[in-house]
Amino acid sequence: HSGHKNECAVAEYLKNHPAYLQDLLYRTGNGEETVKLITIGGIHETNVKSVIGNRSTKSKTDMKIVCNSGKTINISIKKSLGGQVYLVGAKSFIDVFQKQFHKNIPEDVKKAILLYWSGAEDANEIIDKYSNKSNAKNFNVQKRHKSLNADTLLRYNKILYENLLNWFSENMYEISKLSFMTGAASQKKEWAEFVWYINKLGEHDIDAIYRIEDLCKVSAEAGKKEVSYGSKNGGTTILLPFGFVQWHQRKMQFHHQHDKIKKILGK
């Protein structure tokens, strides 16, 4: 898979260009370190311990730069300027969020999440009763996915519609952290500290690295104004400061968009 090919190419480049590697250390605030080892995930990706029960999960870290001091710099690599950053079923999302951050999601918000992302048993009955049938395409998409779009959610229950959006807006710090840094991984040593946009496959020229903690903080700030339902297909996405979240394969698919990230970080 091309993401892994890119990771290999990046690691190879770092090994062959010591000055560039040194520069990368400076850019991550580790200028005084020297590198002992660079490892990459991808094909060699191991499953790591999940916050949920005895499950395992994928690490958010694609590359680990192990320094001679014993310090490890964990990096998530993005070869594209946009795309999936986290994919999770609605029920798992609720579990992972609550366990990872020791925060309860209000019951009505849980219900709205399940209705919006194919997790509710009664979704199709609600769609039959409340959706706008004059738009056959939108109606059929909802029925097929067993998920309500924003218009239907609003007609069904205005409070759920508003509370879902407010919850995303108020929890942007954690949502960003989940998407970029932690995923469901329980151990801090598996969390990514930096997200690095770099493509060594010649598809486009990008080399930008950001501290994920900074991204989470500015997302939280921007989240107060920049969270809304998308306008397409009756509202099947929620627009977020770093990208958006939509329905994909019966799951919640969080997308990153580099231009949005650059904008909120003021780069």
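Of the residues Ser2, Ser50, Ser69, Ser134, ranked by 1.4 Å probe accessible area with the largest first, the sequence reads Ser134, Ser69, Ser2, Ser50.
Which of rounded, prolate or oblate describes the stretch 156-208 when judged by the alpha-carbon gyration tensor and an a/c cut-off of 1.5?
In terms of gyration-tensor shape, oblate.
Fraction of C-alpha pairs exceeding 27 angstrom in the chain: 42 percent, rounded to a whole number. Going down the table (Lys49/Lys251; Lys15/Lys79; Lys137/Lys251; Lys137/Lys263), which pairs top 27 Å between alpha carbons? Exceeds cut-off: Lys137/Lys263. Here r is the Cβ-Cβ distance between Ser56 and Asp128 and R0 is 30 Å; the resulting FRET efficiency, rounded to 0.05, is 0.15. Here the chain is treated with +1 on each Lys and Arg Cβ and -1 on each Asp and Glu Cβ, and its dipole about the Cα centre works out to around 460 debye. Backbone phi angles across the stretch 191-199, fed through the Karplus curve with coefficients 6.51, -1.76 and 1.60 (θ = phi - 60°), yield HN-Hα couplings of 7, 7, 9, 10, 10, 10, 8, 8, 10 Hz in residue order; Gly and Pro are listed as x.
Given a 1.4 Å probe and the protein chains as shown, Tyr173 ends up with an accessible area of around 60 Å².
If you take the beta carbon distance between Asn16 and Lys263 as r and set R0 to 35 Å, what does 1/(1 + (r/R0)^6) give as a FRET efficiency, to the nearest 0.05? Intermediate results must be reported in sequence, preceding the final value.
Numbers: r = 34 Å, r/R0 = 0.96.
For Asn16 and Lys263, the calculated efficiency is 0.55.
Taking 0.36 nm per residue of separation and subtracting the Cα-Cα distance, full extension of the segment from Asp23 to Glu107 would add 25.4 nm.
At the residue level, Asp151 shows approximately 80 square angstrom of accessible surface with a 1.4 angstrom probe and all protein chains present.
Modelled spin labels at Gln249 and Lys137, positioned 7 Å past Cα toward Cβ, are 2.5 nm from each other. Rolling a 1.4 Å probe over the protein heavy atoms leaves Ser147 with an accessible area of roughly 10 Å². Once both labels are positioned 7 Å from their Cα atoms along Cα-to-Cβ, the gap between Ala208 and Val66 label points is 3.2 nm. Counted residue by residue at 0.36 nm each, then reduced by the alpha carbon distance between them, the extension gain from Ser231 to Ile159 reaches 24.0 nm. Largest first, the residues Glu170, Glu221 sort by 1.4 Å accessible area into Glu170, Glu221.
The values are calculated or read from the model by the stated rules, or taken from the named source; none is laboratory data. All values reported here derive from a predicted model rather than from experimental measurement. Neighbour counts run over all protein chains shown; Cβ positions are idealised from the backbone, glycine included. SASA here: full protein model, heavy atoms, side chains in, ligands and nucleic acids out. Shrake-Rupley method; radii C 1.70, N 1.55, O 1.52, S 1.80 Å.
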